[in-house]
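The values are calculated or read from the model by the stated rules, or taken from the named source; none is laboratory data. If you're wondering where the values come from, they're calculated on a predicted model, not measured in any experiment. Here Cβ is always computed from backbone atoms with ideal geometry, including for glycine, and neighbour counts include all displayed protein chains.
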Amino acid sequence: MSEAGEGTLPAFVRNRLGAAAPFASFGAAAGDYGAWRASALALYEAAVAPARTEATVAAGTPADLGRFRRTPLRATFSHGGEAAGAVLTLAGTAPSRAILLLHDHGGYFDLGWAKGFPLPEAASWQARLYGGIAPAALLAEAGFAVVSFDALGWGGRTVGDPSGQQALAANLMQTGLTLAAVIAAEDIAVAGWLARHPFAADGLAALGFSFGGFRAFQLGALSPDVRAAAAISWMGRRADLLAPGNSMANGQSAYYTLHPSLVTALDYPDLAGLVAPRPMFLRTGNRDRHFPQATVRAAHGDIAAIYEAAGAAAKLDAGLFDGAHVCPPAVLEAAVAFLATSRG
């Protein structure tokens, strides 16, 4: 019999969270950055390996949208899945630097890649979280080719409502996969395709907000094709984020970022730190209810230590902004400026 009032975070679980630092974290290393990075990356790659896939991408007929040109894309993965997407460029240009724009979660599954593009159906979402700006438009104006695809669960691959996330995660686990690994593997596959495209001849970067921010630093860690990453509003230490009342402790969306084999080995700042020595931009609001200020500051310190050890301290731009769980225009503009001047 369970103890009355145990709830979903029973005492023994909380005790395990606070028992010790992950055994392979940078903080537990003996100071050999190169050896730590090699072993940590091997653990991360092993967590994703069962879901590894390749992507082929077909382009549709471009649409001229005044200042922009949008071309529909469809990715076909070797595991059998498909994902709709698009590329946005300034009309009349041929960019040679690309951004993989990784869309957010937000509990809204009807739109995926479209959330960040200048489309009427995305306007209300952008007003709510992006200050009325379409991130893809801002990036295209900065000279990037902006590519985005539906992640598993969104857009043409929708799970329908929040309860569908846990059903999807459970069904994947029944086949030996995890939802987090599938997301990572598909993003890596798309980055591999894009890196070989003329759009990315002079470099490929990743940018995202919220769940998209997690995907951005994850992709930067796992894909050598990504030369720089910008992650907005997703950072903290695992034990802090699993506090009672925090969204990560509620299941549902947590499956998208949960790699079970890593939970005793590496913390989230370690995963982000694997982007080093390449440039990385990190911002979180000081009133973000999902990522409390104290854990964000601690995580930024952890990541800074990794960058320092990598001899790349100047390539990390991490900080807080005044705001909640949003992606304000000023922060997005700062991220775009950072990526525009970062060459890896």
Q.
Condition first: within 14 Å of L129 (Cβ to Cβ), more than 18 Å from the chain's Cα centre (by Cα) and of a type outside the set (A, V, I, L, M). Now tell me which residues in the stretch 324-344 satisfy that.
A. P329
Q: Having 1 or more residues that are of a type in the set (S, T, N, Q) and more than 26 Å from D288 (Cα to Cα) is the bar; report the helices (runs of 4 or more DSSP H) wholly within the stretch 114-195 that clear it.
A: 162-173
(Q) Can you tell me which condition K315 does not meet? The list is (1) touching a Phe, Trp or Tyr at 6+ places or on another chain (Cβ under 7 Å); (2) over 20 Å from W36 (Cα atoms); (3) without any contact (Cβ under 8 Å) to a residue 40 or more places away in the chain, and all the others hold. (A) (2)
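From the list E141, E186, exactly one residue is charged (D, E, K, R), touching a helix residue (DSSP H, G or I) at 6+ places or on another chain (Cβ under 9 Å) and closer than 21 Å to Q218 by Cα. Which is it? Spell out the reasoning first.
Values: E141 fails: closer than 21 Å to Q218 by Cα.
Only one candidate qualifies: E186.
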Q: Mind checking which helices (runs of 4 or more DSSP H) fall wholly inside the stretch 243-344 and carry at least 3 residues that are touching a strand residue (DSSP E or B) at 6+ places or on another chain (Cβ under 6 Å)?
A: 293-309, 329-340
(Q) Is it the case, given these coordinates, that R278 is among the basic types (K, R), at negative phi and in contact with a Phe, Trp or Tyr (Cβ under 7 Å, 6 or more places away or on another chain)? (A) no
**Q.** Selected residue (only one of G213, G192 is under 27 Å from L41 (Cβ atoms), surrounded by fewer than 24 Cβ atoms within 10 Å (Cβ to Cβ) and under 19 Å from the mean Cα position of the chain (by Cα))
**A.** G192
Q. Got a number for residues in the stretch 77-100 being in a strand (DSSP E or B) and farther than 14 Å from A145 by Cα?
A. 4
Q: Just name the residue that is surrounded by the most Cβ atoms within 10 Å (Cβ to Cβ) out of those in the stretch 18-76 that are modelled with pLDDT under 95 and assigned to a strand (DSSP E or B).
A: L65
